[in-house]
Amino acid sequence: QVHLVESGGGLVQPGGSLRLYCAVSRGVFSMDTMSWYRQTPGKQCDLVAFISRDGSTYFINSVKGRFAISKDDVKNIVYLDMNNLNPEDTAVYYCNAYRLGDISWGQGTQVTVST
């Protein structure tokens, strides 16, 4: 397993932008997938986006065209760029690393979209 630390969350107005960071203790380049999930109180944790080792990406429909995921294999950081945020994006965002059946999670970072 690897150690993950998310940051970059905060309070933003509707229509605003945030960049989330996931610092990985080692080996982003070797991970099968690096993912971002989000969870709101009383609901399950849902996948938002992932990036594969080869750089291919996936997004859920509700964030397509607004969010982007990228990674820096040298700095061992995964980014989630979030644009045109709306209140429905309010959640705790978690970073996830998957490799050969091993899964690691970060502690989460709160994103609140509100006036």
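The values are calculated or read from the model by the stated rules, or taken from the named source; none is laboratory data. What you see is a predicted model; the values in this text were computed from it and never measured. Positions of Cβ are backbone-derived with ideal geometry, glycine not excepted, and every protein chain shown enters the neighbour counts. Heads up: the accessible areas ignore ligands, DNA and RNA and are worked out on the full protein's heavy atoms, side chains in. Shrake-Rupley method; radii C 1.70, N 1.55, O 1.52, S 1.80 Å.
Things to note:
- For the stretch 41-64, taking the residues that are over 14 Å from the mean Cα position of the chain (by Cα) and outside any loop (DSSP other than H, G, I, E, B), the one that is nearest to Asn83 (Cα to Cα) is identified as Ser62.
- Residues that are open to solvent by less than 70 Å² (accessible area, probe 1.4 Å), more than 15 Å from Ser25 (Cα to Cα) and not small (Gly, Ala, Ser), drawn from the stretch 58-78: Phe59, Ile60, Val63, Arg66, Phe67, Ile69
- Number of residues in the stretch 1-16 that are under 23 Å from Asn83 (Cβ atoms) and either in contact with a Pro (Cβ under 9 Å, 6 or more places away or on another chain) or not in a strand (DSSP E or B) (or both) equals 6.
- If you check Arg38, Arg19 for being part of a strand (DSSP E or B), open to solvent by 40 Å² or more (accessible area, probe 1.4 Å) and under 22 Å from Ser114 (Cα atoms), only one passes: Arg19.
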